[in-house]
Amino acid sequence: MFKYINKKLRYGFFRLTEQNNHPPKPEDDSKKTQETLISGNLTADLEYIRKLLGTSSDIKMHEFRYGEDFQLKGALVFVDGLVSNEILTESIMKPLIMNRNLSPFQTSSMQKTLDTVRQTILCSGDITEKYTIGELVESCLSGDTVFLSEGFDKALIISSKGWEKRSITEPQTESVVRGPREGFTENFRTNTALIRRRIKSANLRLDHMSIGEKTDTNVCVAYIDGVADPNIVDTVKARLKSINTDAIMDSGYIEQYIEDHPFSLFPTVGYSEKPDVITARMLEGRVAIISDGSPFVTTAPMLLLESFQTSEDYYIRPYFASLLRIFRYLAFIITVSAPAFFIALTTYHQELIPTTLLLTIISAREGTPFPATLEAIILILSFEILREAGVRLPRPLGQAISIVGALVMGEAAVTAGLVGAPMVITIAITAVAEFAVPDQSEAASILRIIFLVLASVLGAYGIALGFLGVLIHLASLKSFGVPYCTNLTFNHNMQDSYIRMPLWFMSKRPKAIVGQDKTRNKTNTPPSPLSKNSSPEENP
Amino acid sequence: MLNKFKKFLFLLMVFILVFTASGCYDIRELDSLYIVTGMAMDKAEQPGLIEVSVQIAKPGALGSGGGGDKKGGGGEEKATIIIDSVKRNVIEALEALRHDSSRTLFMHHNQVLIFGREQAEAGILPYLDASMRDQETRLEVMVLVADEKAKDVLNTEIKAEKYSAVGIRRMVDNKRSISKFFGIDLLTLVSKLTEETTSPLLPIIKIVEEEDLTRLSLTGMAVFKKDKMIGKITEYQLRGYSWVMGELKSGYLPVKLKQGSSVMYVKSSKNKLNTIFKPDGKPIMSMEIEGVFSVGELMGFEEMDTKQIVDELKKGAEQAIRKEIMSCFKSVQSMKADIYGFGDYINKHHPKKWKTLKPQWEELFPSLELDLKIKVEIKDTGKILQSPQMEIGRLS
């Protein structure tokens, strides 16, 4: 049924896009200009660049003389703000101008002079040669400094990126009691470095590509060779390549372009703000996608179970971690169905409520003006509005809003007899439970309303119908070829599923995701003080 | 393509219709219900009619929550309403009540079904059908017999309980620690009634008028013959009944001896029933009763050591049990009511003999003999072995 609707929607969507699709535009002129070679005539080249980049004030073209008796004419092109002033003056300008050994006679052999400049004068570890104006402009815009010189038909690209960036801070979304507190930043290199720092294996691959016609965002596909399934890596890369958009503002864009089921309520691509989470997922065989400008790193494939795992599950001992995980499953069920159950019980199946409880509920509901369903919808709505307002407002104001929400709306509404206290309690539990499983909170918020409507129309049958539908839908989902619910079924290795087994027992990586390297640890025995003494003898 | 789109639309319509057309047909908002907590049936003054009274939890007067505008204050309002109607049939009466009130009667949570004494003596079977048949009523509803008029029982308040019907049910549950036969639900009653020779028992609830308050009390059991009440047995006699049924699992047994007195707790009991036939074909019911006790209290017994005391207590307990059993047995024999289901037992174990016994069972039962073998075991004596009284006696 869902598949059918999905198909229908897809079809409609396809038709829409087909109609809007104009015939492909002819190759525009900019493409041609970008392939123009550097002429070697400094003024002409600079003029050309100026034409390309327009009148932006932050693009600096600094012409100067250097070499013996300042006989050589050169120019530096860079974007102010993107380059580090320190690198620019100390490693590029100063050496170039101060060096007097560069004799003008060597200009006859241009390549030699350029090599000398590159090898003996400039103090930078990352210098490349470029031939076209297009490449030159591109690297200039990404923060490099371009060195042009009269008579050279090449440009030197000197890495000098150094813009203001946020330092590594504790992420606000996934705070932990125990565990690493660093989080990714908006800076691409910092993020790759954070991963590299955690996995010192030679097999870590950080494959680069850039997406977005206008933004040209750096995107990096990170995985561990051997651990990740090559098929999944290829799929991820292929999907990234097929993204046809002009802008990537956040990893959320990428997530929406590469997910398997764009019409599903459930996310099929995961994300995290914490390097330890991302590396742990990579060690399970997942592929991480780092995108420039976003502190959130996406991972694929995502399984349903992932929403119920937290990094802290593995940092604390297994017993409490397992209990917490079970609570998280419960919380998800509660947040999805608690209002629905309350409505079903109080409007259809009063006989299922214990007598004294029923009498208490009745006494609380007596005199409230709205039907129970409307009451629930009003409360859910006001909660969602409160939450949204609280998130968007500056922090000090946000607290004021929550006080108004909690006291005025909750308490006053009950004392005024507008809503019943049991309903407020139910919605409150629902709201709190939602945050126990943050990954699924979007799906849960919508499902809750669907379940509520089902329950108010069909009672407990409606809830059963809803659960059945959701289960069927979940079972039909796939993320990058991996069934969404796979490690909740018993043909999968269950060491880390409903409960978390001790670390030493989790010897296998998740069967459905992993590539060749399937084992985490080989021994699979509990640690004991004795083995410390005996191990050197056993493994000479 | 268009066809497929039509199909999709059709599906959508089906969905919408399923939800709009079928939904909500049995929706019941809580504030449109009268929760019935108790039901009483009395014989009406006019012959052939029945007076059905129901106790309803009064929504406005409940608890502290909700839109209670007059909270606290002095005058405690009654939390229940009693409404009644006199009609030929039960459902007829209930429907009349339904139509006369602002809300629908909600029978699911009915706790007790109380028959007035007069009605119990006239026969209750015709009026059980409605409660059995109706989807809303439960078979777990407790059935009781009022000592006088059932409606008055429902009308009597129980201290500390808001709804007297709920209170009555809790009283019954409490009394079950003495004997589980205090709580007879509708299903058990009807299954007893279907056994040919067995007489059902129902607990009697009585209004006790004291100086400053009237309260309810469960006193003994009503003995039925078929569906008509013919007499009663006391609580003491009920224990005798429970011993025979092997159902006395808790409670206490007072033992009085020459040397002193004691109260012993029943820990468990068993009964192995058997039938022995005399040469003339008359049956004797033989029983092997095993009771396990612990000492709850000792008084007296000075100058005796523990072993002697235990021996004496065993003898005393045996006699006390025998007395309880015989008291009950004699009493029901005189009523010719086979409350134990001996007839049914013989039917099940000796069906051939039962065929000859069945016609004369009415006459046989009053002269039936019991062969009692009682075994008493005292498992522990509590925290102390001998009472302080005895220790002091020894020292002086």
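Here is how the numbers come out for the structure above:
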read-out: Loop GluC sites (Glu not before Pro), segment B:120-220, which have at most 11 other Cβ atoms in a 10 Å radius of their Cβ (DSSP); value: B:Glu210, B:Glu211
read-out: Principal axes of segment B:302-396: Cα extent on each, largest first, Å; value: 68, 25, 18
read-out: Relative exposure of B:Trp361, A:Trp163, B:Trp243, judged by other C-beta atoms within 10 Å (fewest first); value: A:Trp163, B:Trp361, B:Trp243
read-out: Solution diffusion estimate, µm²/s, Stokes-Einstein, segment A:315-483, Kirkwood Rh from C-alpha pairs, 4 °C, viscosity 1.567 mPa s; value: 74
read-out: Geometric extent, Cα atoms of segment B:270-333 - Rg, Dmax (angstrom); value: 16.4, 51
read-out: Relative exposure of B:Tyr345, A:Tyr329, judged by other C-beta atoms within 10 Å (fewest first); value: A:Tyr329, B:Tyr345
read-out: Dipole magnitude (debye, nearest 20) for the protein assembly as shown, charges at Cβ of Lys, Arg, Asp, Glu; value: 2520
read-out: Dipole in debye (nearest 20) - chain A, about Cα centre, beta carbon charges: Lys, Arg +1; Asp, Glu -1; value: 1240
read-out: Residue-count net charge about A:Arg65 - beta-carbon cut-off 11 Å; Lys, Arg +1, Asp, Glu -1; value: -3
read-out: Cα-based equivalent ellipsoid of segment A:304-347: semi-axis lengths in Å, sorted from largest, via gyration tensor; value: 29, 10, 5
read-out: Within chain B, helix-based [θ] at 222 nm, where runs of 4 or more DSSP H residues each add -39,500 (n - 2.57), nearest 500; value: -10000 deg cm²/dmol
read-out: Restricting segment B:248-321 to GluC sites (Glu not before Pro) in coil, as DSSP defines it, with at most 16 other Cβ within 10 Å; value: B:Glu302, B:Glu303
read-out: Under Karplus coefficients 6.51, -1.76 and 1.60, residue-wise ³J(HN,Hα) of segment B:147-154 in Hz, glycine/proline x; value: 5, 10, 9, 5, 4, 5, 4, 4
read-out: Ranked list, fewest to most other Cβ atoms within 10 Å of each Cβ, for A:Phe451, B:Phe8, A:Phe341; value: B:Phe8, A:Phe341, A:Phe451
read-out: Inverse mean reciprocal Cα-Cα distance (Kirkwood Rh) of segment A:453-518, Å; value: 14.2
read-out: Chain A: radius of gyration and largest Cα-Cα distance (Dmax), Å; value: 30.4, 105
read-out: Equivalent-ellipsoid semi-axes of the protein assembly as shown, from the Cα gyration tensor, Å, largest first; value: 87, 36, 26
read-out: Relative contact order [Cα under 8 Å, 6+ residues apart], segment A:315-483, whole percent; value: 40
read-out: FRET E, pair A:Arg395, A:Met249, Förster distance 22 Å, beta-carbon r, rounded to 0.05; value: 0.40
read-out: Reachable lysines from A:Lys241, criterion Cα separation under 17 angstrom, eight or more residues apart if same chain; value: A:Lys214
read-out: Neighbour cut-off at most 12 other Cβ (10 Å), DSSP loop, GluC sites (Glu not before Pro), segment A:156-194; value: A:Glu164
read-out: For chain A, calculated [θ]222 nm from helices alone, where every DSSP H run of n ≥ 4 adds -39500 (n - 2.57); value: -13500 deg cm²/dmol
read-out: Lys, Arg +1 and Asp, Glu -1 on Cβ, resulting dipole of segment B:261-396 about Cα centre, debye, nearest 20; value: 740
read-out: Partner lysines for B:Lys373 [C-alpha distance under 21 Å; skip if fewer than 8 residues away on the same chain]; value: B:Lys249, B:Lys256, B:Lys267, B:Lys270, B:Lys272, B:Lys278, B:Lys282, B:Lys314, B:Lys315, B:Lys323, B:Lys330
read-out: Proximal aspartates and glutamates to A:Lys94, defined as alpha-carbon separation beneath 13 angstrom and excluding residues fewer than eight positions away on the same chain; value: A:Glu86
read-out: Segment B:203-304, relative contact order [Cα under 8 Å, separation at least 6], %; value: 18
read-out: Formal net charge of residues neighbouring B:Ile178 (Cβ-Cβ distance under 15 Å; K, R +1; D, E -1); value: +3
read-out: Alpha-carbon gyration tensor eigenvalues x 5, square-rooted, for segment A:179-257, Å; value: 22, 18, 10
read-out: More than 31 angstrom apart: percent of Cα pairs within chain B; value: 53
read-out: Pairs of Cα atoms farther than 19 Å apart, segment A:329-378, %; value: 31
read-out: Computed P(r) (all Cα pairs; segment A:29-158; 5 Å bins; percent); value: 2, 10, 23, 25, 21, 12, 5, 1, 0
read-out: Highest-fluctuation residue, B:Ser261, B:Ser53, B:Ser131 considered, GNM on chain B with Cα pairs under 10 Å; value: B:Ser261
read-out: Normalised contact order of chain A, rounded percent, pairs of Cα under 8 Å and 6 or more residues apart; value: 12
read-out: Of B:Asp280, B:Asp311, B:Asp31, the one that fluctuates the most in a GNM where chain B has Cα springs shorter than 10 Å; value: B:Asp280
read-out: In range of the label at A:Met209: residues from segment A:288-325 whose backbone nitrogen is under 17 Å from the point 7 Å along Cα→Cβ; value: A:288-292, A:298-301
read-out: Cβ-based charge dipole, segment B:235-396, positive-most Cα from B:Ile378, B:Ile309, B:Gly291; value: B:Gly291
read-out: Dipole axis of chain A (+1 Lys, Arg; -1 Asp, Glu on Cβ), positive-most option in A:Val79, A:Leu471, A:His62; value: A:Leu471
read-out: For segment A:391-511, with +1 on Lys and Arg beta carbons and -1 on Asp and Glu, the positive-most of A:Ala455, A:Ala436, A:Trp504 along the dipole; value: A:Trp504
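Each value in this text was obtained by applying a stated rule to the coordinates, not by laboratory testing. On a predicted model such as this, the values are computed, not experimentally measured, just so you know. Don't worry about glycine lacking a Cβ; one is built from the backbone with ideal geometry, like all the others, and counts go over all protein chains shown.
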